[in-house]
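Report on the following structure.
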Amino acid sequence: MLSRSSFTSLVVGVFAVYVAHTCWVMYGIVYTRPCAAAADGAAGGCVWPYLARRPKLQLSVYTTTRSSIGTESNIDLVLNVEEFDIESKFERTVNVSVPKKTRNNGTLYAFVFLHHAGTLPWHDDKQVHIVSPLTTYMVPKPEEINLLTGESATQQIEAEKQSNALDEPVSHWRSRLTLNVMVEDFVFDGSSLPADVHRYMKMVQLGKTLHYLPILFIDQLSNRVKDLMVINRSTTELPLTVSYDRISLGRLRFWIHMQDAVYSLQQFGFSEKDADEVKGIFVDTNLYFLALTFFVAAFHLLFDFLAFKNDISFWKKKRSMIGMSTKAVLWRCFSTVVIFLFLLDEQTSLLVLIPAGIGAVIELWKVKKALKMTIRWQGLRPKFQFGAYNDSEKKTEEYDAQAMKYLSYLLYPLCIGGAGYSLLNVKYKSWYSWLINSFVNGVYAFGFLFMLPQLFVNYKMKSVAHLPWKAFTYKAFNTFIDDIFAFIITMPTSHRLACFRDDVVFLVYLYQRWLYPVDKSRVNEYGESYEEKSKKKSS
């Protein structure tokens, strides 16, 4: 079997190979090799851009309830740009008529045509078009009420909302339509066309040369959940903001791959809201910051794995609770489970929810080890048995109880007062939501106080040798990485502030490590001392 150090080296090696492979793939996406024959002036095997002829173009946007159209019947023209300049960006807001079929939980499509000026799209054999739904289906957010008075947040509850079940998806309006045209006069090699761009290309033969028509692209990543509007049955018109900007070939290919990745996430069961969190990472940041985010996320994943591995290894071999605060272990378990339930209630992104769930399971297992608990089954009924503490462990428990006694004078009034204030002044979806929010606000606001018992035990014992420093180190790196993610990934404000709170606590632990140097006569985290090991080896 591999030793722990060999296994860690293997994981780090695999991680390095993964990062190098990803960088190579990203380079292949951004860089496209041009046709070599074009440099020599030859046309054979090359696909030339039709836009190099500088044709006069027109942009038209139609809406219809059908997913395909062949004629101009049963369609509505919502935007017409007669002198369309592919180099000039614009943004216009138009009112779109909503058909009855769409108001009854139906779908409405937008057909975007780029064609020669003065010619109707279906009479132009060199037109290009792309289709995008203007509606999507989502479960509406439950209405929040004051739990004491019963008053709603809007004071108006529509009758049709009452008839719909909260878990039934309803049609939502996408209020933004973002268009792009690839403007580079790039000459492709016909024998090695990129598969991602090829599906957006339409070829025409002009004389002896093959040309590709303008590449029209709809940026689906810009469709965010915050821009969605519920379509009511009484609504006859809705606003639509149509924006246009030019796009380079490298960015176009990158955006196509990102849209495919988001679509794959939804196929694997990610909800619209989960996919929206991923969209926010790409849309709200520039490409350089996005590359930094990728490397930060990769290292976060590595440190998460190593922290979990070392934490589990530490507690798996631990036989003594000397110097360890049992109250702190219990509190970490309680707070981790509460935070997980809170994130679940807030429908937070799976990017945040999954690691929180794994952490909660590990904390429950650590409580079992800290309390020396064994579970015996008598039929279908479990029986819990707790082990006894030795004299040194009882001394640690005394310090732990003393710290909790002083802490309770401050902590409990603050938590009860905060829960009462929120009940009177804040609106919630249910009593369960208020209870979870009260617990989690106490965890976030005053949770660092429950880390003080361990600091107090360290102070009384004048030692930190009993702490899992390897796991602490990896978690510290992740804490600083979380500070970066706090500004990138959408999460509750209280969860964001808690990331910065952990920085302060870890700095205090570092100060104690410097203040109390390692004493080789003291027991370590496995109940052994360095001197005892030396005696065993000599004997």
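The values are calculated or read from the model by the stated rules, or taken from the named source; none is laboratory data. These figures come from a predicted structure and were not determined experimentally. Positions of Cβ are backbone-derived with ideal geometry, glycine not excepted, and every protein chain shown enters the neighbour counts. Remember, those area values only see protein heavy atoms, side chains included, never the ligands or the DNA or RNA. Shrake-Rupley method; radii C 1.70, N 1.55, O 1.52, S 1.80 Å.
Details
- Using a probe radius of 1.4 angstrom, the carbon and sulfur fraction of the accessible surface of region 50-99 is 40%.
- The phi-based Karplus calculation (6.51 cos²θ - 1.76 cosθ + 1.60; θ = phi - 60°) puts the 3J(HN,Hα) values of region 408-414 at 5, 4, 9, 6, 4, x, 5 Hz, whole numbers, x for Gly and Pro.
- Long pairs among Lys100/Lys279; Lys327/Lys369; Lys101/Lys279; Lys101/Lys126; Lys100/Lys427; Lys383/Lys405, criterion Cα-Cα beyond 25 Å: Lys100/Lys279; Lys101/Lys279; Lys101/Lys126; Lys100/Lys427; Lys383/Lys405
- Highest to lowest packing among 171-184, 400-413, 296-309, scored as the average C-beta count within 10 Å: 171-184, 296-309, 400-413
- Solvent-accessible area per residue for region 308-427 (1.4 angstrom probe, square angstrom): 56
- Here the 3J(HN,Hα) profile of region 121-128, calculated from phi with Karplus coefficients 6.51, -1.76 and 1.60 at θ = phi - 60°, is x, 7, 9, 10, 6, 10, 7, 10 Hz, Gly and Pro shown as x.
- Solvent exposure ordering (accessible area, 1.4 Å, most first) of Ile86, Ile312, Ile256: Ile312, Ile86, Ile256
- The residues His211, His198, His257, sorted by heavy-atom accessible surface at 1.4 Å with ligands and nucleic acids left out, run His198, His257, His211 from largest to smallest.
- Backbone geometry of region 45-56 corresponds, through the Karplus equation with coefficients 6.51, -1.76 and 1.60 at θ = phi - 60°, to 3J(HN,Hα) couplings of x, 9, 10, 9, x, 5, 5, 5, 7, 6, x, 7 Hz, x marking Gly and Pro.
- Residues whose amide H lies under 5 Å from that of Leu79, counting only those 5 or more places away or on a different chain, are Val61; hydrogens are built 1.01 Å from N in the peptide plane.
- Pairs exceeding a 20 Å alpha-carbon distance, out of Lys372/Lys395; Lys317/Lys366; Lys89/Lys273: Lys89/Lys273.
- Residue order by solvent-accessible surface for Trp48, Trp255, Trp514 is Trp514, Trp48, Trp255, largest first, with ligands and nucleic acids left out and a 1.4 Å probe.
- Carbon plus sulfur fraction of accessible area for region 171-286, probe 1.4 Å, in percent: 50
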